[in-house]
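These notes are about the structure you will find just below.
What follows draws every value from the coordinates through simple rules; no lab data is involved. Source: prediction; values computed, not measured. Neighbour counts run over all protein chains shown; Cβ positions are idealised from the backbone, glycine included.
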Amino acid sequence: MDISVKDIAKKHSKKPETGFEELYIAVRQHEKKVYTDDQLKALPDFDTHSHEWEIRKQSSGRLLTHLGKKHKYLNILEVGCGNGWLSAKMADMPHTDVTGLDINHTEISQASRIFKKPNLQFVCDDFNDRTFDKARFDVIVLAASLQYFSSIVTVLQQALNILNRGGEIHIIDTPFYDPPEVGKAAGRCRDYYNDMGIPEMADHYFHHTISGFGGFNYRVLFNPGNLFNRIFKKEPFYWIAIYK
């Protein structure tokens, strides 16, 4: 049984208690990635951090094309939607209801103010399968957010619990590492946040391997390591779909 996105947003309108938001916003400010309203409206077309946004423009474009080819109603959840730009793009597709979920009250508040669409709502809460009660989704998207979850298995099991039969989970814009590289990547991450003066953030950033999907029905829809993509696409991130 589905419930409306408006009901979901109304139920979860209060800011959850967390120390993560303060650390995350401090990092974003240091990286100059706290965007003005006008900058947010323009995403992913943006001159600042242009290489990063060109990558995200390509990956989101592939996802939107894939979803658009289904030609049917889709109830979509984006987990870790941040400032909501991708949720807003998905809500522009016909026959969709979109819920953007993030624990970050600062960015969710901006998203709610900027992206006003009748089929789009934003929810400020952490993610688990109890957040949505009887709500069920056809598509769940994690874009540049899986790295903030400590366990691939846990987050995917929770997502599958609220996914309709025949539904899909899509993971884009997240780095994955070969097993021997995980420790080195974690060290570089800790050095990065130490240099920034926000060392605690390293405890909230996790380094996953593709092997974490081994127990799930998944496909790699974009592999940055194959020869064609290395030569012509030059994008660093996998696109992985999990099916129910």
Subject >> Cβ-Cβ FRET estimate between ARG188 and VAL220, R0 fixed at 22 Å, reported to 0.05 >> reply: 0.35
**OP:** Could you list the GluC sites (Glu not before Pro) in region 145-242 that lie in coil according to DSSP, counting only those with at most 16 other Cβ atoms within 10 Å of their Cβ?
**Re:** none
Subject >> Which of CYS189, CYS124 has the fewest Cβ neighbours within 10 Å, and the rest in rising order >> reply: CYS189, CYS124
Original post:
Can you give the relative contact order of region 108-244 as a percent, counting alpha carbon pairs under 8 Å and 6+ residues apart?
Top reply: 26
Original post:
Between ASP38 and ARG230, what is the label-to-label distance in nm when each label sits 7 Å out along the Cα-to-Cβ direction?
Top reply: 4.3
Subject >> Overall form of region 60-126 per C-alpha gyration tensor (a/c, 1.5; a/b vs b/c) >> reply: prolate
Original post:
Long-range amide H contacts for HIS208: which residues qualify at under 5 Å (H placed 1.01 Å from N, peptide plane, sequence gap of 5 or more or a different chain)?
Top reply: TYR177
Original post:
Taking a threshold of 25 Å on the Cα-Cα distance, which of the pairs LYS33/LYS116; LYS57/LYS116; LYS33/LYS69; LYS69/LYS134; LYS33/LYS70 fall above it?
Top reply: LYS33/LYS69; LYS69/LYS134; LYS33/LYS70
Subject >> Relative contact order for the chain, counting Cα pairs under 8 Å that sit 6 or more residues apart, in percent >> reply: 19
Original post:
Which residues' amide hydrogens lie under 5 Å from the amide hydrogen of ASN75, considering only partners 5 or more residues apart or on another chain, with H built in the peptide plane?
Top reply: ASP97, ASP138, VAL139
Subject >> Calculated Cα extents along the principal axes in Å (choose from (1) 49, 44, 37; (2) 45, 37, 34; (3) 61, 53, 30), label >> reply: (2)
Subject >> Rounded to whole Hz, the Karplus (6.51, -1.76, 1.60) HN-Hα couplings of region 76-89, x for glycine and proline >> reply: 10, 10, 9, 8, x, 6, x, 7, x, 4, 6, 4, 5, 5
Original post:
Based only on Cα atoms, what Rg/Rh ratio does region 122-244 have, Rh being taken as Kirkwood's radius?
Top reply: 1.00
Original post:
If each residue's Cβ is checked for other Cβ atoms within 10 Å, how do ASP173, ASP37 rank with the fewest at the top?
Top reply: ASP37, ASP173
**OP:** Tell me the label-point distance for the pair GLU200, ARG113, using the 7 Å Cα-to-Cβ offset, in nm and rounded to one decimal.
**Re:** 2.5
**OP:** Rank these for me by crowding, PHE149, PHE222, PHE232, going from fewest to most other beta carbons within 10 Å.
**Re:** PHE232, PHE222, PHE149
